[in-house]
Amino acid sequence: MGIVIRQSIKSTVWAYVGVALGTITTLWLYPKFLTPTELGLTTGVLLSLASILAQIAMLGTGNSSFYFVAHFNNHKSQPKFFGYLIKLALIGLGLVSIIYICFKPLFIQWYSAKSALFLDYYWLVIPFTICMVFYNLTEAYTRSQKDIVFTNFTREVMLRVFNIAALLLFAFHIIPFNLFVWLFALSYGFIFLLLVINNRNKSFWQINFKSNFDDIISKGEIFKYGFFNVLAGGAWTIANSIDSLMLAGYSLSDAGVYRLAFFICSVVQMPQRTITQILLPLLGEHWKENNLQKIGELYKKSSLQLVIASGFLVMLLFINIDTFLGQLPTAYHAAKWVVVLMCFSKLIDMATSINGEIIQTSKFYKFNLYLIVALLFFTIVANYFLIPIYGLIGAAIATTLTNVFFNVVKYLYVYFKFNMQPFTRETALVLTLTIIIGSICFFIPLIKIWWLDIAIRTFVASVLFVLSLTTLKISPEINQLISKGWKKFY
């Protein structure tokens, strides 16, 4: 876990700079300068659609980077492997563009009645998808080389900086709304260029489109693995985006409020993204050596760290949610219960840790496909019945139910297939502490100055949480980090 701790510290710094920027954007700039309908268009429909198409277009190349990297590291055929991944992604882009063009009548039928604004930007989804594919593949390949710090900087910080700049240009009437939407869609192209510039002098950044490396691993095996992963990844992305897209068909405004809640809750999963990005190549190496003991250790340790991080963040959201939303226009206040439901599902996802990544990098990776297809079906059915009745709360209930189901099944599969499970006595202890400390802070008397109220609740919760962790010695790694930080401070 040494490399995990070192890189995760640096990455987490940028991640939480991104959290600060994201908080400013999400809780102030977007609601102040965009109506719920405009927010629903940009983040609820355009971003969701581009994410789905990009996931499919990549043809599993992102996951292939991690799965096969151990075969090519420091080998003369590594540039050919990267070139082959690029060719697959280009083929995928061509296929999804044709499919999207052919499906235009269905989109017109679904959105024309209540969300016709999207149809004005229908074709913008294609360049949005292209930018996202190029960035995601470059990011995945860079991460597979255990180089994650700058990729976190581009995604968590520079992407938000670019979007903030575009939003301010619109807010001060320097550019019209349609140009803001274009800049929003091309933001991934901007961070792609930054990542390419950063990688240009690195040893792994070489491309050769002559795909003759069958002496190491056959292209057929890479394609087969990528095929199953694109089906699984595509279904997973659809399952995570279909709620916004289906909700937007009934109301772009509701979709905007829903996406606001989604952004707020995304803070909870930031530690998981950082740790997962670091652990994926390590899991690939351990599977290659068939070292189940090491995988089991990563499973338990990562779960505990994620429960600590997610429990703390969910607690902060719960004790501050009313004050947060109280500063927004009234149209956004309905996001409260969506946040509560989605945070619950994300906490379960974090607690079950890297179960999906363990399956994904094992020889049983096909199981992910079967499970995610079932999840997709369940998600569509749940949203189909719940959204017309309960609106955006119905979408949140559907998302929570599907995430709980999905994680329980993955947990059981890893447990019975590999005899691994992530939970320890410390897991229950952390959750208990979180509930107790959250309850204490929830009953702190309300202060009329909103930022002071948030600051006091957050400070009290943070002090109690850190003191509890260090006193009970729940996590040796965290105790060591706190101890080192204390010594350096003094």
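Out of the residues in the range 135-177 that are of a type in the set (Asp, Glu) and in a helix (DSSP H, G or I), which is nearest to SER266 (Cα to Cα)?
GLU156
On the given criteria, is SER303 assigned to a loop (DSSP other than H, G, I, E, B) and of a type outside the set (Asp, Glu)? Answer is no for this residue. Note on the range 112-134: residues that are surrounded by fewer than 21 Cβ atoms within 10 Å (Cβ to Cβ), of a type in the set (Ser, Thr, Tyr) and assigned to a helix (DSSP H, G or I) amount to 2. Tell me, which residue of the range 375-394 that is without any contact (Cβ under 8 Å) to a residue 24 or more places away in the chain and small (Gly, Ala, Ser) is nearest to GLU285 (Cα to Cα)? Ranking the candidates gives ALA382 first.
The single condition among (1) in a helix (DSSP H, G or I); (2) surrounded by fewer than 12 Cβ atoms within 10 Å (Cβ to Cβ) that ILE454 does not satisfy is (2). Sub-7 Å Cβ pairs linking a first residue in the range 461-490 that is farther than 18 Å from SER439 by Cβ and modelled with pLDDT of 65 or more to a second residue that is outside any helix (DSSP H, G or I) and of a type outside the set (S, T, N, Q), at least 6 apart or interchain, are GLU477/MET1; ASN479/LYS473, ordered by first then second residue. When residues in the range 355-371 are screened for being touching a Phe, Trp or Tyr at 6+ places or on another chain (Cβ under 6 Å) and surrounded by 23 or more Cβ atoms within 10 Å (Cβ to Cβ), 2 of them pass.
Restricting attention to the range 314-368, which residues are basic (Lys, Arg) and closer than 21 Å to ALA398 by Cβ?
Initially, the range 314-368 is screened for residues basic (Lys, Arg), giving 336, 346, 363, 366.
Of everything in the range 314-368, those that are basic (Lys, Arg) and closer than 21 Å to ALA398 by Cβ turn out to be LYS336, LYS346.
Each residue in the range 413-428 was checked for being part of a helix (DSSP H, G or I) and farther than 18 Å from ASP349 by Cα, and 4 pass. Residue-level check: of (1) in a helix (DSSP H, G or I); (2) polar (S, T, N, Q); (3) farther than 19 Å from TYR390 by Cα; (4) at pLDDT 75 or above, THR274 misses just (4).
For the range 218-239, the set of residues classified as without any contact (Cβ under 8 Å) to a residue 12 or more places away in the chain and not acidic (Asp, Glu) consists of SER218, GLY220, LYS224, listed by residue number.
Under the condition of being at negative phi and either free of Cβ contacts under 8 Å to residues at least 40 places away in the same chain or not β-branched (Val, Ile, Thr) (or both), the residues counted in the range 347-361 number 8.
Would you tally the residues in the range 422-450 being within 30 Å of ILE295 (Cβ to Cβ) and either in contact with a Lys or Arg (Cβ under 8 Å, 6 or more places away or on another chain) or of a type in the set (A, V, I, L, M, F, W, C) (or both)?
Residues of the range 422-450 that are within 30 Å of ILE295 (Cβ to Cβ), as a first pass: 422-434.
Next, from what is left, pick out any that are either in contact with a Lys or Arg (Cβ under 8 Å, 6 or more places away or on another chain) or of a type in the set (A, V, I, L, M, F, W, C) (or both): 422-424, 428-431, 433.
Number of matching residues: 8.
Is it true that LEU93 is touching a Ser or Thr at 6+ places or on another chain (Cβ under 9 Å), at pLDDT 90 or above and buried (at least 19 other Cβ atoms within 10 Å of the Cβ)? So LEU93 fits the description; yes.
Can you tell me which of PHE377, PHE405, PHE344 is within 18 Å of the chain's Cα centre (by Cα), at negative phi, surrounded by fewer than 20 Cβ atoms within 10 Å (Cβ to Cβ) and not hydroxyl-bearing (Ser, Thr, Tyr)?
Details: PHE377 fails: within 18 Å of the chain's Cα centre (by Cα); PHE405 fails: within 18 Å of the chain's Cα centre (by Cα).
Being within 18 Å of the chain's Cα centre (by Cα), at negative phi, surrounded by fewer than 20 Cβ atoms within 10 Å (Cβ to Cβ) and not hydroxyl-bearing (Ser, Thr, Tyr) holds for just one of PHE377, PHE405, PHE344, which is PHE344.
Restricted to the range 388-402, and to residues there that are farther than 24 Å from THR352 by Cα and in contact with an Asp or Glu (Cβ under 8 Å, 6 or more places away or on another chain), the residue that is surrounded by the most Cβ atoms within 10 Å (Cβ to Cβ) is LEU392.
What helices (runs of 4 or more DSSP H) lie completely within the range 318-410 and have 2 or more residues being more than 24 Å from PHE263 (Cβ to Cβ) and modelled with pLDDT of 90 or more?
Fully inside the range 318-410 and qualifying: 366-390.
Residue count for the range 390-408 under the criterion of being farther than 14 Å from THR379 by Cβ and hydrophobic (A, V, I, L, M, F, W, C): the result is 3.
The values are calculated or read from the model by the stated rules, or taken from the named source; none is laboratory data. Since this is a predicted model, take the numbers as computed values, not measurements. Here the Cβ is made from the backbone with ideal geometry for all residues, glycine too, and neighbour counts use every protein chain on show.
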